[in-house]
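Inspection log for the structure reproduced underneath, given as structure tokens.
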Amino acid sequence: MRKVAWSLAHQEFIISDHYYFSKLERYARENDIKIDEVDDVERFSDYDTVIFNYPEIPFKEEEVDFIEELVRKGKTVGIFGYYKNEDRIADTCNTLSERFGIKFNGDIVTDPFSNYENDDLLIVASDCTNLPENIKKVMLACTDTLTTTKKEVRPLIYGSDTAKSKLGLDLLLFAEYVHPESGGKFIAGGTCVFWDNYSIDLYNNKELSLYILTG
């Protein structure tokens, strides 16, 4: 059984919120994944995967050191933000993600053509790479873009050719750092609501969610 720590240590969205995440919890159970809400950073070492979903409290340097060591040991860590740098979410994510060569840009991505229900903020992306073959198209609502700075970081999902960043940036939306020796991963995504109850059954969002939880 895969053990996942869903962090509450940095004031994240709780997975036990039935209205938003009951489907994700159910799909996890069906795939032999046990998710616990964890509010103590030191307990993360007891888990295979650690998730920070919209953290609102910046990470201290000693916490970043600890999380970097988890990845070095082969664990998977995921962090997911939101568009517009609301609540300074991009800045907060960057206090952790920049250690792994990934920067949240805090911008707004729109796509007037490749979207869901004619809403240009509900981005539909099919440029998926370095992911399992069953992940071909996903819906990423209210996402920002990412910039990478380390060679160990590889892209996972790009916006389509018709998408635009309000800051004119490249349309990298999800990426992952892979430790060159252990294979541990640090996965970053520009939106934290790709796996909520509204989105998870669209396209291959469920498959993307399970990929992240299982590393």
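General remarks:
- Listed residue pairs exceeding 31 Å between alpha carbons, taken from 60/150; 3/166; 23/150; 60/137: 3/166; 23/150; 60/137
- Rounded, prolate or oblate (a/c below 1.5 giving rounded, otherwise prolate when a/b exceeds b/c) for region 1-99 by Cα gyration tensor: oblate
- Net charge dipole size for region 1-59 [Lys, Arg +1 and Asp, Glu -1 on Cβ; Debye, nearest 20]: 280 debye
- Inverse of mean 1/r across different Cα pairs in region 94-133, Kirkwood, Å: 12.5 Å
- Carbon/sulfur fraction of accessible area - the chain, other protein chains in place, 1.4 Å, %: 44 percent
- Under the shape rule built on the C-alpha gyration tensor, where the axes satisfy a ≥ b ≥ c, region 103-215 is oblate, since a/c reaches at least 1.5 while a/b does not exceed b/c.
- Ordering 21, 153, 121 by Cα displacement along the dipole of region 2-214 toward the positive end leaves 153 in first place; charges were set at the Cβ atoms of Lys, Arg (+1) and Asp, Glu (-1).
- A dipole drawn for region 2-214 from +1 and -1 charges on Cβ atoms has a positive end, and of 192, 8, 208 the residue lying farthest that way is 208.
- Here the gap between residue 34 and residue 160, fully extended at 0.36 nm per residue and compared with their Cα-Cα distance, gives a gain of 41.9 nm.
- Restriction of the chymotrypsin sites (Phe, Trp or Tyr not before Pro) in region 124-195 to DSSP coil positions whose beta-carbon has at most 14 other beta-carbons within 10 angstrom yields no sites.
- Per residue, the chain exposes an accessible area of 45 Å² to a 1.4 Å probe, with every protein chain left in place.
- In region 2-214, taking the dipole from charged Cβ atoms about the Cα centre, the farthest positive-side position among 178, 71, 140 is held by 178.
- Size of electric dipole in region 2-214: Cβ of Lys, Arg +1 and of Asp, Glu -1, about Cα centre, debye, nearest 20: 560 debye
The values are calculated or read from the model by the stated rules, or taken from the named source; none is laboratory data. Just so it is clear, the model here is predicted, and its values are computed rather than measured. Cβ coordinates were reconstructed from backbone atoms using ideal geometry, including for glycine residues, and neighbour counts include every protein chain displayed. Side chains included, ligands, DNA and RNA excluded: accessible areas come from the protein's heavy atoms. Shrake-Rupley method; radii C 1.70, N 1.55, O 1.52, S 1.80 Å.
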